[in-house]
Amino acid sequence: MNIKALLSTLLLGSSSLASADSLTISGSVHVSLGSAARSSIHHRPVAVQRDRYEPSSPLYRAPRYRGPVRPVVVQPVWQAPFYNPTNTRIGGDASEYTGLIYETGQYTANAWYDLSEATRIDAGREFFTVGANRGTFRGIRLAALGNGRSKIDQVTIEFADAEGRARYQVVKLDTWIGRGSSSLSIDLDGNARQINRIIVYGATDQGSAYKLMAL
């Protein structure tokens with residue numbers, strides 16, 4: 001073999017080795033990645049709190065602005081028919097209202113709101129215990145409900161004065177509410193008064209009712 005042939009053989013051999021080395025390196029890199037991937041399976045996933053994402057992250061969710069919390073006042077609305085309400089305790093010469101007394105309409109200024117549920121006058125008169133702790137009132141209204149009528153002879157309103165003594169406003173009416181005249185209103189003496197009790201004298205037709213409203 002001459003010198004030129006020898007040199008050619010040596011150059012070809014080194015080239016083959018270089019190629020083999022490059023393949024070996026490429027293979028080792030691939031195995032290394034696979035090894036890392038296999039070893040990572042044994043690590044526990046780290047829980048990430050949603051609210052810890054940075055604003056720049058695509059998973060970031062900005063908190064929603066809900067605005068200030070405001071009180072919600074829902075006034076009851078009574079609808080016909082009214083078939084003999086049972087929220088009274090009937091005695092020998094009077095009935096006592098046992099239903100709900102609603103709070104003052106502090107968020108409905110200058111508007112009438114329901115003070116009682118639908119009820120009826122039995123045994124000649126009906127007592128409503130309001131309570132001085134329910135605020136002050138400027139007026140009360142008796143509103144007819146249903147298809148019948150209520151005969152209103154008299155309304156007596158018991159107030160509490162500054163010394164806790166009872167004071168009365170007596171309103172003689174001798175009228176009907178219902179059908180032609182659906183309600184009647186009474187202005188309270190002294191404008192803003194605390195009410196202990198309201199007594200309504202009269203009678204309510206069967207299958208009908210009325211309610212108290214306040215201002």
Of Ile157, Ile195, the only residue that is buried (at least 17 other Cβ atoms within 10 Å of the Cβ) and touching a helix residue (DSSP H, G or I) at 6+ places or on another chain (Cβ under 9 Å) is Ile195
Considering residues that are at negative phi, touching a residue at least 40 places away in the same chain (Cβ under 8 Å) and part of a strand (DSSP E or B), the number found within the stretch 175-207 is 15
Flagged in the stretch 132-154 as buried (at least 17 other Cβ atoms within 10 Å of the Cβ) and touching a residue at least 60 places away in the same chain (Cβ under 8 Å), in numbering order, are Phe137, Ile140, Arg141, Leu142, Ala143, Ala144, Leu145, Gly146, Gly148, Ser150
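All of the numbers you see were taken from the coordinates with simple rules; none came from a lab. As the structure is a prediction and not an experimental result, all values here were calculated from the model. Every residue, glycine as well, gets a Cβ built from its backbone with ideal geometry; the counts of neighbours run over all protein chains shown.
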